[in-house]
2 protein chains.
Amino acid sequence: MTQWDQRKRPIRLERRIEFDTYEATRKFLDDLGELSESKKIYPDISFGKDYVNITLRPESEEKDAPLTDLEYKFAAQIDGILD
Amino acid sequence: MTQWDQRKRPIRLERRIEFDTYEATRKFLDDLGELSESKKIYPDISFGKDYVNITLRPESEEKDAPLTDLEYKFAAQIDGILD
């Protein structure tokens, strides 16, 4: 979990990943899309030619809801598709 | 061009598009990826389950460089893949 930053206001888990080429960026986004569909978890993503930023927020939309296993597991699964 | 917002600091062209489903969002992102590859223009994109935000910046990285036909044409081409 060291690659992810835990941030506050709002509480979230973030990871930035850099790629050498746009093709590699797109490949990762495709894989991430498949993972999202299979888990029904849809993080906020921003990307450009050679980077992807992923933001995972607590599933509960209550104010100050904490991150749970759901987000940590999903983060680990994202790490998995990078290997 | 009415769907795009021209913004300053930094100068940029932005459009937000909403979709009914994650599948429709992914389909659009795929098409946009193909367009980016063919034109060698890579906008900054952020998206979630049902929206995509696109930011086009001036090709020149000089301070206060204006938007040019390049960005306006690419914006119109993006509009084209939505039809």
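All of the numbers you see were taken from the coordinates with simple rules; none came from a lab. Here the structure is a predicted model, which is why all the values come from computation and not from measurement. Glycine gets a Cβ as well: all are built from the backbone with ideal geometry, and neighbour counts include every protein chain shown.
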Query raised in the report: Anyone know which of B:44, B:20, B:30 comes out most mobile in the 10 Å Cα GNM of chain B?
Result: B:20
Query raised in the report: From the phi of every residue in region B:63-78, what ³J(HN,Hα) in whole Hz does the Karplus formula 6.51 cos²θ - 1.76 cosθ + 1.60 yield, where θ is phi - 60° and glycine or proline is x?
Result: 4, 6, 4, x, 5, 10, 3, 4, 6, 5, 5, 5, 4, 5, 5, 5
Query raised in the report: Which distances, shortest first and in nm, link residue A:68 to the matching position in the other copies, using label points set 7 Å out along Cα to C-beta?
Result: 5.2
Query raised in the report: For chain B, modelled as a Gaussian network with Cα springs under 10 Å, which listed residue fluctuates most, B:51, B:22, B:42?
Result: B:22
**Report entry** Zone of residue B:24's modelled label, taken as backbone nitrogen in region B:41-83 under 11 Å from a point 7 Å along Cα→Cβ
**Finding:** B:50-51
Query raised in the report: Tell me, what ³J(HN,Hα) does each residue in region A:18-25 have, in order and in whole Hz, if you take phi through Karplus 6.51 cos²θ - 1.76 cosθ + 1.60 with θ = phi - 60° and put x for Gly and Pro?
Result: 10, 10, 7, 9, 5, 4, 5, 4
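When N is the residue count of chain B, what does its C-alpha Rg come to as a fraction of 2.2 N^0.38 Å?
Working: Rg = 12.7 Å, N = 83, 2.2 N^0.38 = 11.8 Å.
It is 1.07.
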**Report entry** Stretchable slack from residue A:35 to residue A:63, in nm (0.36 nm times residue separation minus alpha-carbon distance)
**Finding:** 7.4 nm
Query raised in the report: residue A:82 versus residue B:53, label points 7 Å from Cα toward the beta carbon: distance in nm?
Result: 2.3
**Report entry** Those lysines that a straight Cα-Cα span of less than 18 Å connects to residue A:40, excepting residues fewer than 8 apart in one chain
**Finding:** A:73, B:27, B:49
Query raised in the report: Say we join alpha carbon atoms closer than 10 Å with springs in a Gaussian network model of chain A; which of A:23, A:34, A:62 then has the biggest fluctuation?
Result: A:62
Requested in this report: Add +1 for every Lys or Arg and -1 for every Asp or Glu among the other residues with Cβ under 12 Å from the Cβ of residue A:52, and state the total.
Outcome: -2
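If contacts are Cα pairs under 8 angstrom and at least 6 residues apart, what is the relative contact order of chain B in percent? Don't skip to the answer; put the middle values down first.
Details: 100 pairs, mean separation 28.1, N = 83.
Relative contact order comes out at 34 percent.
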Report summary line: Looking along the axis that carries chain A onto chain B, the residue of A whose Cβ comes nearest, with distance in whole Å, is A:46, 2
Query raised in the report: Put the label 7 Å from Cα along Cα→Cβ for residue B:81; what are its distances to the other copies, in nanometres, shortest first?
Result: 1.8
Query raised in the report: log₁₀ I(q)/I(0) of the protein assembly as shown at q = 0.10, 0.11, 0.12, 0.15 Å⁻¹, via Debye over equal Cα point scatterers, no solvent, to two decimals?
Result: -0.41, -0.49, -0.58, -0.89
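Counting other C-beta atoms within 10 Å, which of B:55, B:25 has the fewest, and how do the rest follow? Each step should come with its number before you reach the end.
On the way: B:55 17, B:25 21.
Starting with the residue having the fewest Cβ neighbours, the order is B:55, B:25.
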Query raised in the report: When the Karplus curve 6.51 cos²θ - 1.76 cosθ + 1.60 is applied with θ = phi - 60°, which whole-Hz ³J(HN,Hα) does each residue of region A:30-40 get, with x for Gly and Pro?
Result: 4, 4, 5, x, 4, 4, 4, 5, 6, 9, 6
